[in-house]
Amino acid sequence: MHSEEQKRLNPLDMVLAQIDKASRYLACDPNLIEKLKHAERSLMVSVPVMMDDGRLKVFKGFRVQHNTVRGPAKGGIRFHPDVDLDEVTALAAWMTWKCAVMNIPFGGAKGGVECNPKEMSIREIERLTRRFTAEILSFIGPEKDIPAPDVNTNAQIMAWMMDTYSMQIGHSVPGVVTGKPIEIGGSEGRSEATGRGVVFTILEAAKRMNLRLDGATAAIQGFGNVGASAAKHLCREGARITAVSTSKGGIYCDRGIDIQALQSYYKKNATLAGFEGYDVITNDELLHLPCDILVPAAMENSIHKDNAGGVRARIIAEGANGPVTPIADEILKDKGVFVIPDILANAGGVTVSYFEWVQDLQNYFWNEEEINEKLKMLMVSAFKKVVNIAEENKVDNRTAAQMLGIGRVVEATRVRGLYP
Ligand code: GLU
């Protein structure tokens, strides 16, 4: 069920409101801010695909480059029934701030195809991916716009994108996408980087709150790439995962869930249902569990005006992009919840994407230890900067992260000047 707030909430409006709020504190030139309210380029394509039953279906695809002032546009591609131009544009803007918060030399982009990959065969998904790549081919490239995985896309899909692009160009171009399989220029540590990064930020937050992760309890909403790896790394830190969910609902166990066993079960059955020995719960019940850490790692707007009041976690680490609505943000603030905002909490993915791109361009590859160490350094440093800004300006962490990100993009825009 969607509440009124959710129905009305266009993520692009959320982005514009966030820009206004951050820029009030930054007190910078309004002309520079105006530029950031608009995506530089948006491409909408039709993606005709021959389905297995011989019917032709035409899907809508998008790629939006929000900003390229600090470097090539960077961001994932999602395959989901709710994809539309406004959602992709908002997600592209969040990528711009995210790369700037991490101080990696990328702008922001996002892409997507409106489809339901859960109802498609693997060959249909391959044909969709290849045709979509062909349609956006002139838009992307290692110097201008570099896609990566996002909701319902993975390393295999990146391999098909890389192959389609390379066959058209006439030689292998590994740097055109990140999140690829290791065999074709992917990076060690990339597949778990987002979840690992989420946990690096939780560790920092816990330190500030005198909370020991060893023995702490956590609930994870979403069991895709981000949720599953965040759960795994939280377990490694000694936390007890008491609940996990997917879009279809979740499972709960006060003693803690065996995440490794759940992961192999989920891989095999594509559902959490039937996993023995656990109680069944709804997504709203999961959000309302008493726990130390809550990781929303599903979609936008999952914590909204009608369910935020029931949140009992001390820390929320946003594995997903945009999981907390602005009204929910206010409610959580009043409750004293420490929110680690998306553009910081889940930035580990794009950070290791940056490492992957650098390795591809140099044709020289690092080991996983080096990658994880560099990731940790960048995440901890960004976390500290954001929290300092929040304290100095007496703003919430989200506004502080936006101030850091938007501030850096504004400064780069100012120094480059306006063309022509
Ligand atoms: N889709 C991920 C995100 O939202 C990763 C993007 C990337 O690696 O380019 O941050």
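The values are calculated or read from the model by the stated rules, or taken from the named source; none is laboratory data. The structure displayed is predicted, hence computed values, not measured ones. Don't worry about glycine lacking a Cβ; one is built from the backbone with ideal geometry, like all the others, and counts go over all protein chains shown. Side chains are part of the model used for accessible areas, which takes the heavy atoms of the whole protein and leaves out ligands, DNA and RNA. Shrake-Rupley method; radii C 1.70, N 1.55, O 1.52, S 1.80 Å.
Brief remarks follow.
- Criterion violated by residue 311 - all others in (1) open to solvent by less than 10 Å² (accessible area, probe 1.4 Å); (2) over 19 Å from the mean Cα position of the chain (by Cα); (3) within 16 Å of the ligand (Cβ to nearest atom) satisfied: (3)
- Restricting the stretch 52-103 to residues that are over 25 Å from residue 191 (Cβ atoms) and of a type in the set (Lys, Arg), the residue that is farthest from the ligand (Cβ to nearest atom): 55
- Residue count for the stretch 323-344 satisfying the condition of being in a loop (DSSP other than H, G, I, E, B) and either open to solvent by 10 Å² or more (accessible area, probe 1.4 Å) or of a type in the set (Gly, Ala, Ser) (or both): 2.
- Given (1) within 21 Å of the chain's Cα centre (by Cα); (2) modelled with pLDDT under 95; (3) surrounded by 22 or more Cβ atoms within 10 Å (Cβ to Cβ), index of the condition residue 106 fails: (2)
- Subset of the stretch 30-45 [open to solvent by 70 Å² or more (accessible area, probe 1.4 Å) and either under 21 Å from residue 392 (Cβ atoms) or part of a loop (DSSP other than H, G, I, E, B) (or both)]: 38
Okay, residues lined up against (1) of a type in the set (Val, Ile, Thr); (2) under 22 Å from residue 194 (Cβ atoms); (3) not in a loop (DSSP other than H, G, I, E, B):
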| residue | (1), (2), (3) |
| --- | --- |
| 285 | no, no, yes |
| 301 | no, yes, no |
| 356 | no, yes, yes |
| 374 | no, yes, yes |
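- Hits in the stretch 133-166 (condition: within 15 Å of residue 61 (Cα to Cα) and more than 16 Å from the ligand (Cβ to nearest atom)): 134, 135, 137, 138
- The set of residues in the stretch 341-356 that are more than 8 Å from the ligand (Cβ to nearest atom) and either touching a strand residue (DSSP E or B) at 6+ places or on another chain (Cβ under 6 Å) or at pLDDT below 95 (or both) contains only 345.
- Close pairs (6 angstrom Cβ cut-off, 6 or more residues apart or separate chains): modelled with pLDDT under 95 in the stretch 223-243, among the hydrophobic types (A, V, I, L, M, F, W, C) and open to solvent by less than 10 Å² (accessible area, probe 1.4 Å) anywhere: none
- Restricting the stretch 215-256 to residues that are in contact with a Cys (Cβ under 9 Å, 6 or more places away or on another chain) and part of a loop (DSSP other than H, G, I, E, B), the residue that is least open to solvent (accessible area, probe 1.4 Å) is 216.
- Residue among 170, 111 that is within 11 Å of the ligand (Cβ to nearest atom) and free of Cβ contacts under 8 Å to residues at least 60 places away in the same chain: 111
- Inside the stretch 177-194, residues that are within 12 Å of the ligand (Cβ to nearest atom) and either touching a residue at least 40 places away in the same chain (Cβ under 8 Å) or open to solvent by less than 10 Å² (accessible area, probe 1.4 Å) (or both) make up a count of 9.
- Filter result for residue 282 (at pLDDT below 95 and in contact with a strand residue (DSSP E or B) (Cβ under 8 Å, 6 or more places away or on another chain)): no
- When residue 364 is tested against (1) in a helix (DSSP H, G or I); (2) open to solvent by 70 Å² or more (accessible area, probe 1.4 Å); (3) of a type in the set (Ser, Thr, Tyr), exactly one condition is not met: (1).
- Take the conditions (1) over 25 Å from residue 386 (Cβ atoms); (2) in contact (Cβ under 8 Å) with a residue 12 or more places away in the chain; residue 122 misses just one of them, which is (2).
- Top-ranked residue of the stretch 70-94 - restricted to ones that are in contact with a Gly (Cβ under 7 Å, 6 or more places away or on another chain) and in a loop (DSSP other than H, G, I, E, B), ranked as most open to solvent (accessible area, probe 1.4 Å): 70
- Residue match in the stretch 50-69 (condition: part of a helix (DSSP H, G or I) and surrounded by fewer than 14 Cβ atoms within 10 Å (Cβ to Cβ)): no
- Residue among 280, 295 that is of a type in the set (A, V, I, L, M, F, W, C) and either open to solvent by 30 Å² or more (accessible area, probe 1.4 Å) or in contact with a His (Cβ under 6 Å, 6 or more places away or on another chain) (or both): 280
- Tally, over the stretch 377-416, of residues that are out of contact with any Asp or Glu (no Cβ under 9 Å at 6 or more places or on another chain) and open to solvent by 40 Å² or more (accessible area, probe 1.4 Å): 13
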